[in-house]
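Report on one structure; see the data block that follows.
Each value in this text was obtained by applying a stated rule to the coordinates, not by laboratory testing. The model shown is predicted, which means the values in this text are computed figures rather than measured ones. Ideal geometry is used to build each Cβ from the backbone, glycine not excepted, and the neighbour counts take in all protein chains shown.
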Amino acid sequence: MIALIVIMLTLKDGYKTQALTVVRQSTKAYTDEVNKTLFAQGQFVDEWNLVWELVFETVNSSDRSLAAFDKKVTELESTYLADAKNKEKLEKWGLKELKLNITSEKTKRVISLAGNPVVTFDFTGGSFKSVDYKALRSVSPSEMFKIKEPAVFNFNAQ
């Protein structure tokens, strides 16, 4: 009888240790996945805000030249980087700076977010003619970055 009690207590400790290990590993894996998604979403939203600001500044600028546009891009990125809170976020994300993804053509500038073109600026004749931001208006960060439910604990795992 005593031997049976000793065996049961030994097994109980083994199961408890195994369960705690599985919970720790599963929780860490899920937390890492959530943090990765949150960082990606944060970076995307900051870029998205910069793009909207660039659209606004370009449309309302008195200097509508292509050179002024390129200068405004540099200014916006520098202003973003000068903010201490933004620097702290970039460090968390493992980045040194936040750069807009701009494809330069002769008379056009195309800005992409998450690999998708969202804004096209037209500078035909060297000055601002038009901007197409329909794709930017339809972007939904909450739809792009979803966090899945955590996996069910598997206590048979080692």
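Modelled this way, with points 7 Å down the Cα-to-C-beta line, the labels at Lys36 and Thr124 are 4.5 nm from one another. This structure gives Cα Rg over 2.2 N^0.38 Å, computed directly, and of [x] 1.05; [y] 1.70; [z] 1.16 that value is listed as [y].
Between amide H atoms placed 1.01 Å from N, distances below 5 Å from Leu113 occur with Val118, all of them 5 or more places distant or on a separate chain. Given their separation in residues at 0.36 nm each and the Cα-Cα distance between them, Asn116 and Asp70 gain 14.5 nm when the chain is fully extended. Each residue, Glu143 and Asn101, gets one label point 7 Å from its Cα in the Cβ direction; the gap between the two is 1.8 nm.
Projecting the Cα positions of Tyr30, Ile5, Val119 onto the charge dipole of the chain (unit charges on Cβ atoms of Lys, Arg, Asp and Glu, taken about the Cα centre) puts Ile5 furthest along the positive direction. The length gained on full extension between Asp83 and Thr21, counted as 0.36 nm times the residue separation minus their Cα-Cα distance, comes to 18.2 nm.
Put a dot 7 Å past the Cα of Lys28, heading toward its Cβ, do the same for Val131, and the two dots end up 4.7 nm apart.
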